[in-house]
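So the structure is just underneath, and the comments pick up after that.
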Amino acid sequence: MERGDGAALAAFIVGALLAGGNAVGIRVSNRELDPLWGAGLRFLLAAGLLGAVMAVLRLGLPRGRALLGVLVYGALIFGGAFSFAYYALVEIHAGLGQTLLALVPLATLLLAVLQRQEHLRLAALVGTVLSLVGIGVVSGLSDSGSVPVLSLLAVLGAVLCFAEGTVLARRFPSVHPVTANAVGMAVGAAILVVLALVFGDAIEVPERGATWLALAYLVVLGSGPVFVLYLFVVRRWSASRAAYDFVVIPLVTIVLSAWIDDEPIGAGLVLGGLLVLAGVYVGALRPAASPALRTQVDGRSAPT
C-alpha cells in the first residue's frame, strides 16, 4: 500500500462499506429471480447507468491492448465471479459467503506470485494453511449438511475469478475506471444472460417490491460506485493489497445479514471467520520483514 495516498485510502473505505450490502441484496434477489438471470439483469442495468456517465464525461472507448484488458477483466469479475457467487448465495447466508470471499487477497497474492507480479513469502504459505482450516470450520466439516458442497465450491470459484481479474487488471494499460467497468459489466452481463439461457433460468421481470429494492441498491450503489472505486485502488496499490477490501466487507455484511436476513451468528462462523481473516492477514497483508521481500509490480520494487 502506498503510504500517503489519501484518495486511494478513502476510495478503499467507501467501497468496502458500500459493498457490505451486496451479498444481502443478492440473497433477496435470488428469492424471486433465478441466480444467473438476476446477476445478468443487475449488470445490464449497471452497465447502462455507467454508459450514461461515460456520455456525460465524454469518455471514449478503449482500444488495442487496453480494450483486451477490459474485456478480460469483465469476463472474469462480472461474468465469472458473479455467476459463481449468485449460485452460492441461493443456499448459503450472505455473512458466510462474504466471509469465505475474504480469501480473495490471499488468492490474489498467490496468483500474482505465479505471474511474477509479486514475490512469495513464507508467511503466505502459513496464511494459506490458516485460511484452509478456517474454511473447514466455517463449512462445518464435522456436519456435512451445514454447507452444500457445490455452494462451497462455487464460492471458491468466485474467489479465483476475483483474484485473477484483480491481477490482470494491473497487467494491461490503464483505462478510466468508469469506462473499464461500463464495458466490463456489459461483457459480464452478456456472459451471464447466455449462461442463464443455457441453464434454463426463467427470464422474467421482478414483481416483488423487495426484489426491486435489492436491485436498486445493487445497481445504483453496489455495482458502479463499488467497482469504480475498487479499480481506482487497484491501479494505485499492489494487487494483493487492494484485494484487502474483501477482508473488511464481511464485517459489514454479517451485521446486515443478521438484521435483514436473520442469519444465525454461531460459534463456527465466528471462529472459522477469524481463522480465515487471520490467514489472509498473515499471508497477504502483514508487512514484509525486510526490503528484500517487497513486492514486485511491473518489474519495479513497490512499497508495502
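The values are calculated or read from the model by the stated rules, or taken from the named source; none is laboratory data. The shown structure was predicted, so the numbers you read here are calculated from the model rather than taken from an experiment. Cβ: placed from backbone, ideal geometry, glycine included. Neighbour counts: every protein chain shown.
Within segment 181-195, is even one residue over 30 Å from Gly64 (Cβ atoms), out of contact with any helix residue (DSSP H, G or I) (no Cβ under 6 Å at 6 or more places or on another chain) and not in a loop (DSSP other than H, G, I, E, B)? Within segment 181-195 (the criterion being over 30 Å from Gly64 (Cβ atoms), out of contact with any helix residue (DSSP H, G or I) (no Cβ under 6 Å at 6 or more places or on another chain) and not in a loop (DSSP other than H, G, I, E, B)), the answer is no, since none of the residues qualifies.
Within the option set Leu103, Leu111, being surrounded by fewer than 24 Cβ atoms within 10 Å (Cβ to Cβ), touching a residue at least 12 places away in the same chain (Cβ under 8 Å) and touching a helix residue (DSSP H, G or I) at 6+ places or on another chain (Cβ under 6 Å) holds for one residue only, Leu111. Residues in segment 60-87 that are among the hydrophobic types (A, V, I, L, M, F, W, C) and in contact with a Gly (Cβ under 6 Å, 6 or more places away or on another chain) were compared, and the one that is surrounded by the most Cβ atoms within 10 Å (Cβ to Cβ) is Phe78.
Among what's in segment 227-254 and is of a type in the set (Phe, Trp, Tyr) and touching an Asp or Glu at 6+ places or on another chain (Cβ under 9 Å), pick the residue that is modelled with the highest pLDDT. If we take residues in segment 227-254 being of a type in the set (Phe, Trp, Tyr) and touching an Asp or Glu at 6+ places or on another chain (Cβ under 9 Å), then Tyr230 is modelled with the highest pLDDT. What do you reckon, is Leu275 closer than 24 Å to Ala107 by Cβ, of a type outside the set (S, T, N, Q) and assigned to a helix (DSSP H, G or I)? Spelling it out, Leu275 is indeed closer than 24 Å to Ala107 by Cβ, of a type outside the set (S, T, N, Q) and assigned to a helix (DSSP H, G or I). Scanning segment 237-264 for residues that are aromatic (Phe, Trp, Tyr) and buried (at least 22 other Cβ atoms within 10 Å of the Cβ) returns Trp237, Tyr244, Phe246.
Is at least one residue of segment 163-184 of a type in the set (Val, Ile, Thr) and within 16 Å of the chain's Cα centre (by Cα)? Yes: segment 163-184 contains one or more residues that are of a type in the set (Val, Ile, Thr) and within 16 Å of the chain's Cα centre (by Cα). When residues in segment 14-37 are screened for being touching an Asp or Glu at 6+ places or on another chain (Cβ under 8 Å), assigned to a helix (DSSP H, G or I) and either hydroxyl-bearing (Ser, Thr, Tyr) or within 17 Å of Gly79 (Cβ to Cβ) (or both), 3 of them pass. The residue that is surrounded by the most Cβ atoms within 10 Å (Cβ to Cβ), among those in segment 265-287 that are modelled with pLDDT of 70 or more and within 11 Å of Arg241 (Cα to Cα), is Val280.
Inside segment 178-200, residues that are closer than 15 Å to Val219 by Cβ and either touching a His at 6+ places or on another chain (Cβ under 8 Å) or free of Cβ contacts under 8 Å to residues at least 12 places away in the same chain (or both) make up a count of 0.
Checking Val194 against (1) under 26 Å from Leu109 (Cβ atoms); (2) at pLDDT 95 or above; (3) of a type outside the set (Asp, Glu): exactly one of these is not met. Which one? All conditions are met except number (1). Where helices (runs of 4 or more DSSP H) sit wholly within segment 50-168, those with at least 3 residues that are at pLDDT 85 or above and under 20 Å from Val226 (Cα atoms) occupy 64-74, 82-91. The set of residues in segment 237-272 being outside any helix (DSSP H, G or I), within 16 Å of Ile13 (Cα to Cα) and not hydrophobic (A, V, I, L, M, F, W, C) consists of Tyr244 alone. Is there a residue in segment 133-150 that is among the polar types (S, T, N, Q), crowded, with 24+ Cβ neighbours inside 10 Å and in contact (Cβ under 8 Å) with a residue 24 or more places away in the chain? Among the residues of segment 133-150, not one is among the polar types (S, T, N, Q), crowded, with 24+ Cβ neighbours inside 10 Å and in contact (Cβ under 8 Å) with a residue 24 or more places away in the chain, which makes the answer no.
So, in segment 201-236, how many residues would count as being assigned to a loop (DSSP other than H, G, I, E, B), more than 17 Å from the chain's Cα centre (by Cα) and either touching a residue at least 60 places away in the same chain (Cβ under 8 Å) or surrounded by 22 or more Cβ atoms within 10 Å (Cβ to Cβ) (or both)? Residues meeting the conditions: 8.
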